[in-house]
Amino acid sequence: MQFNKPVSNPMLVGSIELLKAEDTPGHRKMFEEEAMKAVYLAPVTVKPAPEPDANGMVRINPGSQVQFPMLSAPDGKRFFMAFTDWSELKKWRDEDGQQTLAMSFDDYMDMLFKKEAGGKENPAAGFVINPFGGNIAITREMAMIFISNKMARMKK
């Protein structure tokens, strides 16, 4: 994970558009592959706010609190947000100084399946890609299917 890194995912955005236009096995496979390769912008709140070091590098200090806002679906399920680029993030919140982490599919999986203190499951049902644009939710179950499909492809 990197703090406030520029991110762009034109192939993922294209695969979302194709899938929305025509849901075919080929388009689903392309979307799966692109979703798993992508680097996403995850909005966060870091306290205390990181400051640049002598070299201008911004790093999150050990012991800092990192909070990930979530969206609630009408059924009450909660999802982390994953944006393909800054223009998609600005559809949610267009303000200077929005803190972000650049995160991979695997980073989201770690958050979703990591047990909290006391063995409690994370309350998130998944993550949603571009919730104010393409709006595609990746549930825990879908993520496991993606991983299973990837492993099957690797065995071929």
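For this structure, a couple of remarks:
- Criterion applied to Val44, Val58 was being surrounded by 12 or more Cβ atoms within 10 Å (Cβ to Cβ) and more than 22 Å from Arg140 (Cα to Cα), and the one residue passing it is Val58.
- Considering residues of segment 122-137 that are within 14 Å of Met70 (Cβ to Cβ) and out of contact with any Leu (no Cβ under 9 Å at 6 or more places or on another chain) only, the residue most open to solvent (accessible area, probe 1.4 Å): Pro123
- Candidates Pro50, Pro74 - the one that is assigned to a loop (DSSP other than H, G, I, E, B) and either out of contact with any strand residue (DSSP E or B) (no Cβ under 7 Å at 6 or more places or on another chain) or modelled with pLDDT of 95 or more (or both): Pro74
- Every residue from segment 67-86 that is over 15 Å from the mean Cα position of the chain (by Cα) and within 23 Å of Phe105 (Cα to Cα): Ser72, Ala73, Lys77
- Lys156 more than 14 Å from the chain's Cα centre (by Cα) and within 20 Å of Met11 (Cβ to Cβ): no
- Selection from segment 138-156 of residues that are in a helix (DSSP H, G or I) and closer than 25 Å to Gln67 by Cβ: Arg140, Met142, Ala143
- Among residues of segment 1-41 being open to solvent by less than 60 Å² (accessible area, probe 1.4 Å) and assigned to a loop (DSSP other than H, G, I, E, B), the one that is farthest from Asn130 (Cα to Cα) is Thr24.
The values are calculated or read from the model by the stated rules, or taken from the named source; none is laboratory data. Not measured: the values here are computed from a predicted model. When we count neighbours, we look across all protein chains shown, and the Cβ atoms used for this are built from the backbone with ideal geometry, even at glycine. Just so you know, the surface numbers come from the protein's heavy atoms only, side chains and all, with ligands and any DNA or RNA stripped out. Shrake-Rupley method; radii C 1.70, N 1.55, O 1.52, S 1.80 Å.
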